[in-house]
Amino acid sequence: MDLTALLVSMVSMGGLGALFSAGLSLANKRLQVVEDPRIREVTEALPGANCGACGYAGCAHYAEKLVSGEAELTACNVASSDAIEEIAGLLGIEPTITEPKVARIMCQGGLAEATRKAEYIGIQSCLAADLMVGGEKQCSYGCLGYGDCIDSCPFDALYLNDNGLPVVVEDRCTGCGKCVDACPRGVIELHPKSHRLFILCKNHDAPKEARRMCTKACIGCQICVRAVSDGQIIMDDNLAVIDYNLYGQEATLPTDRCPTDCLVVFENQAVMNEEVSPQ
Amino acid sequence: MKIILIFISAAVINNFVLTYFLGLCPFVGVSKRLSSAVSMGMAVTFVMTISACVTWLIYNLLLVPYHIEILEYVSFILVIASLVQLVEMFVRKISKPLYDALGIYLPLITTNCAILGLALFAVLRHYNFIESLVFGIGAGAGFTLALVIMAGIREELELANVPRYFKGAGITMIIAASLALAFMGFSGLISI
């Protein structure tokens, strides 16, 4: 390419660019939309994770809805209490601090506990395995262990332990609920951090079957139901369920009487965080 | 006569979406509601028509005389991007709900291959100015037609008993393919 062509190209393209940008800036002046300045301030105060757990397209969209009064301040799980206070100050409303939630894996049937019915060779995804044959494990209620929840977590708050079960790193978990949606078995639940007692099993099978499938399954023996007063733990189709409105926030519970160790108290969070995965 | 044939050809027979498979992103993305599909079709038609005219002018009055046809992609993208910016400002000014409904697909018109395809086709087929203009309107009308048919079907689909595993993206792809097959029936009707 000779010099003239180069020059012509530069001038023509530069000229076109200048022409269009002049037109656009003129149009921008004419068609300017005056926006509430608080929208930007609120957007900046929000965590900017854009996880979508609030139900809006992203933090900016949520901020817009907050300013227009259509969204609740409690919808964002990720925002710290400081951020919520700041936003409440910007909007001139009372900050409503709700208890943060955290994801809990409601299954203890790892590779060591659950019996297997077959070997699954296929796409290493819980959803695929669940659609195919229901995974390797006998139990049709428990964790499949292929880590769809781990892949779905935008905060790296989950990892797979040696036993093939996902573990929640509480410090990182924001309670956004992405893992809950990703789990095809519904094994993951969101609980307020104050919930300390859990029945970590989802199996509704008959006691004999449940015991055969997993050494840590709830076998519906009802010992826990009898050990507490009425209604605090109820039986739902061979599975014990805790009524958290009545019970479960205290740590003084008959967990040692559960024959399969599926009634568990999370003593304190330090214990749960003991084996935090290396990043 | 040729002008009418160009219009029909661009709108129906060689439909950009259903025959050339260009601009599939907004075709799948903005065809959930009939109202937003019509608006999106209008926006794309506007950009297509104006860009067909402007790119013709640039190509024939600037690129050809100075023998810099090699820069057609750069200059065409420049035109399209500027026009899309203009449309975005305009839509935001006149209708905030529409702006929200179109969402990310409005700025994505910039990278919509249907519009660049239109400009390049017009050059390739040696259309004159009027023919380019009609080609742009026809292609826009065809895009709108495809989007509206799709949106109409998808609105009805919400009431239909779709098998669980086909719900969402699956059934959308199947319908898009069926529509494309139907439009293939027009092929060869006229050659232009």
- Task: Express the Stokes-Einstein translational diffusion coefficient of segment A:1-117 in µm² s⁻¹, to the nearest whole number, given a Kirkwood radius over alpha-carbon pairs, 10 °C and a viscosity of 1.306 mPa s.
- Result: 84
- Task: For every other residue with a beta carbon closer than 11 angstrom to the beta carbon of B:Asp100, add +1 if it is Lys or Arg and -1 if Asp or Glu, then tell me the sum.
- Result: +2
- Message: Run lengths n ≥ 4 of DSSP H only: what is the helix-derived mean residue ellipticity at 222 nm for chain A, with -39500 (n - 2.57) per run over all residues, to the nearest 500?
- Response: -9000 deg cm²/dmol
- Output the relative contact order of chain A, whole-number percent, from Cα pairs under 8 angstrom with separation of 6+ residues. 15
- Counting sequence-distant residues (5 or more places) and residues on other chains, those with an amide H built under 5 Å from that of A:Val169 are A:Leu158, A:Tyr159
- Which value, in Å to one decimal place, does the Kirkwood hydrodynamic radius take for the protein assembly as shown when every pair of different Cα atoms is included? 27.2
- Provide the per-residue ³J(HN,Hα) series for segment B:12-24, in order, calculated from phi with Karplus coefficients 6.51, -1.76, 1.60 and θ = phi - 60°, each as a whole number of Hz, with x at glycine and proline positions. 10, 5, 10, 3, 4, 7, 8, 10, 8, 6, 9, x, 6
- Return the average number of partner chain Cβ atoms within 10 angstrom of each residue Cβ along peptide B:69-77. 2
- Between segment A:195-223 and segment B:40-58, the alpha-carbon center distance in angstrom: 65
- What's the average, rounded to a whole number, of partner chain beta-carbon atoms within 10 Å of each residue's beta-carbon in A:23-29? 3
- Message: Sort B:68-81, A:140-153 by the packing proxy (mean of other Cβ within 10 Å over each peptide's residues), most packed first.
- Response: A:140-153, B:68-81
- Straight distance only, please: which lysines reach the Cα of A:Lys193 with their own Cα at less than 19 Å, same-chain residues fewer than 8 apart left out? A:Lys101, A:Lys178
- Query: Kyte-Doolittle mean at least 0.5 and Cα extent at least 20 Å along the axis: which DSSP H helices of chain B qualify?
  - Reply: B:34-58, B:72-94, B:129-157, B:169-184
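For segment A:4-105, what is the charge dipole size about the Cα centre, in debye to the nearest 20, if Lys and Arg each add +1 at the Cβ and Asp and Glu each add -1 at the Cβ?
My answer is approximately 560 debye.
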- Hey, what did segment B:1-92 get for relative contact order, percent, Cα under 8 Å, at least 6 apart? 19
- Task: Just need log10 I(q)/I(0) for chain B at q = 0.19 Å⁻¹, Debye formula, equal scatterers on the alpha-carbon atoms, no solvent, rounded to two decimals.
- Result: -1.27
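Would you mind calculating the relative contact order of chain B from Cα pairs under 8 angstrom and at least 6 residues apart, reporting the percent as a whole number? Don't jump to the answer; show the numbers that get you there.
Values: 231 pairs, mean separation 85.6, N = 192.
Once normalised by length, the contact order is 45 percent.
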- Message: If you take each beta carbon of peptide B:87-94 and count the beta carbons of other chains within 10 angstrom, what is the mean?
- Response: 3
- The answer for A:Ala240, listing residues at least 5 apart or on another chain whose modeled amide H is closer than 5 Å to its amide H, is A:Gly220
- Cβ crowding within 10 Å averaged over residues, with B:2-15, A:16-29 ranked highest first: B:2-15, A:16-29
- Given Cβ charges of +1 for Lys and Arg and -1 for Asp and Glu, the option among A:Thr96, A:Cys139, A:Ile233 whose Cα lies farthest towards the positive end of the dipole of chain A is A:Cys139
- Message: So for each of B:117-126, B:156-165 I average, over its residues, the number of other beta carbons within 10 Å; can you give me the resulting order with the highest mean first?
- Response: B:117-126, B:156-165
- Ranked list, fewest to most other Cβ atoms within 10 Å of each Cβ, for A:Met213, B:Met48: A:Met213, B:Met48
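As a footprinting exposure proxy, order A:Phe155, B:Phe143, A:Phe198 by other Cβ within 10 Å, with the fewest listed first.
A:Phe155, A:Phe198, B:Phe143
Read the figures in this text as sums done on the coordinates, not as results from a lab. None of these values were measured; they are calculated from a predicted model. A quick note on method: Cβ atoms are made from the backbone with ideal geometry, for glycine too, and the neighbour counts reach across all protein chains shown.
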